[in-house]
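**Q** First the structure, then my questions, so here it is.
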Amino acid sequence: MRILELHTRALELAAAVVDTVQPEQLVLATPCAGWPLRRVLEHTVGQHRGFAAAALGAGADRAHWRDVPVHGDPAGAFRQSAERLTAAFATAAAASEPAPLCLPEIRDGEPFPLDRAIGFHLLDTLVHAWDVAAALGSPARLVAAVQAEPPLVGALLTVAGAVPAAAPDRGPGRAFAAVRAAPDVTGPFERALALLGRDPSWSATRPGPRPTAERTDR
């Protein structure tokens, strides 16, 4: 399953970003309005655990989707939960007929085919990795790494382009902000960010109007 390989690669690139986070940086602002870096990371680890539970047939239990404290070791928490998720997706993919995944945070728990659910999490992984990199002031390296792998950035852009552009998926308090007009954006990663309502040029020193998105797991 090609999407499984791409997802694993997305996690590797994201982990490399999280590895650079220092405990004192967990208070930094991020492109997710109102969410400091600590909360973005705790949400991300929680999503790893939630998707892993869903892959193993327990996704309906919302307890699996709670944010997970990262304390002073965000990299360790990220990598441990990512390894668990990778194993769970591999187990699900090995079935002769993979069962749909129940994702309670997406469309009220509507079941999704495994490959589509993996695509959702690939997007979640790369966009939150960008959130972390942007908070640290160094998103360009991640963007370049992802864009150096056309199948990976192509998968990201495809999933981002499939997110409905109209309510109820957009706006204050929703999973995504409105699609942004980005005339100066030329790269596919930046186009994906704009499709999700993020400002590809966001920085902590010049945040401008930040997206209202709390999650990118659609």
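**Q** Just the residues that are at pLDDT 70 or above, under 19 Å from the mean Cα position of the chain (by Cα) and not hydrophobic (A, V, I, L, M, F, W, C), please, taken from region 164-190.
**A** Of everything in region 164-190, those that are at pLDDT 70 or above, under 19 Å from the mean Cα position of the chain (by Cα) and not hydrophobic (A, V, I, L, M, F, W, C) turn out to be P164, R180, G187, P188, E190.
**Q** Okay, moving on. For region 92-127, which positions are crowded, with 18+ Cβ neighbours inside 10 Å, out of contact with any Asp or Glu (no Cβ under 9 Å at 6 or more places or on another chain) and not aromatic (F, W, Y)?
**A** A92, L101, L114, A117, I118, G119, L122, T125, L126, V127 - these are the residues of region 92-127 that are crowded, with 18+ Cβ neighbours inside 10 Å, out of contact with any Asp or Glu (no Cβ under 9 Å at 6 or more places or on another chain) and not aromatic (F, W, Y).
**Q** Separate question: Among the residues of region 62-75, how many are assigned to a helix (DSSP H, G or I) and either under 18 Å from the mean Cα position of the chain (by Cα) or closer than 12 Å to Q47 by Cβ (or both)?
**A** Let us first name the residues in region 62-75 that are assigned to a helix (DSSP H, G or I), namely 62-65, 74-75.
From what is left, the residues that are either under 18 Å from the mean Cα position of the chain (by Cα) or closer than 12 Å to Q47 by Cβ (or both) are 64-65, 74-75.
Looking only at that region, the number is 4.
**Q** Sticking with this structure for a sec: When only residues in region 38-63 that are touching a strand residue (DSSP E or B) at 6+ places or on another chain (Cβ under 8 Å) and of a type in the set (A, V, I, L, M) count, which is nearest to R107 (Cα to Cα)?
**A** In this case the residue turns out to be A60.
**Q** So H43 passes all but one of these: (1) of a type outside the set (A, V, I, L, M, F, W, C); (2) assigned to a helix (DSSP H, G or I); (3) surrounded by fewer than 20 Cβ atoms within 10 Å (Cβ to Cβ). Which condition number does it fail?
**A** Failing condition for H43: (3).
**Q** Okay, moving on. Of all residues in region 104-119, how many are touching a helix residue (DSSP H, G or I) at 6+ places or on another chain (Cβ under 6 Å) and at pLDDT 95 or above?
**A** 4
**Q** Oh, and also: Looking only at region 60-79, how many residues end up being touching a Pro at 6+ places or on another chain (Cβ under 7 Å) and modelled with pLDDT under 95?
**A** Residues in region 60-79 being touching a Pro at 6+ places or on another chain (Cβ under 7 Å) and modelled with pLDDT under 95: 3 in total.
**Q** Counting just the residues of region 1-37 that are within 18 Å of T125 (Cβ to Cβ) and of a type in the set (D, E, K, R), which one comes out modelled with the lowest pLDDT?
**A** Looking at the filtered set, the residue picked out is R2.
**Q** Across region 5-37, what is the total count of residues that are more than 15 Å from the chain's Cα centre (by Cα), in a helix (DSSP H, G or I) and crowded, with 18+ Cβ neighbours inside 10 Å? Steps first, please.
**A** Step one: list which residues in region 5-37 are more than 15 Å from the chain's Cα centre (by Cα), which gives 5, 19-29, 33-34, 36.
From the residues that got through so far, the ones that are in a helix (DSSP H, G or I) too are 5, 23-27.
Narrowing the set further to residues that are crowded, with 18+ Cβ neighbours inside 10 Å leaves 26.
The qualifying residues number 1.
**Q** For region 142-160, name all the residues that are surrounded by 14 or more Cβ atoms within 10 Å (Cβ to Cβ) and within 21 Å of S203 (Cα to Cα).
**A** L142, V143, A145, V146, Q147
**Q** Of all residues in region 76-113, which are over 15 Å from T125 (Cβ atoms), assigned to a helix (DSSP H, G or I) and of a type in the set (A, V, I, L, M)?
**A** Hits for region 76-113 are A87, A90, A92, A93.
**Q** Go through region 56-86 and give me each residue that's surrounded by 13 or more Cβ atoms within 10 Å (Cβ to Cβ), of a type in the set (A, V, I, L, M) and without any contact (Cβ under 8 Å) to a residue 24 or more places away in the chain.
**A** A58 - this is the single residue of region 56-86 that is surrounded by 13 or more Cβ atoms within 10 Å (Cβ to Cβ), of a type in the set (A, V, I, L, M) and without any contact (Cβ under 8 Å) to a residue 24 or more places away in the chain.
The values are calculated or read from the model by the stated rules, or taken from the named source; none is laboratory data. Note that the coordinates shown come from a computational prediction; the quantities given were computed from them, not determined experimentally. As a convention, Cβ positions derive from the backbone with ideal geometry for all residues, glycine included, and neighbour counts pool all protein chains shown.
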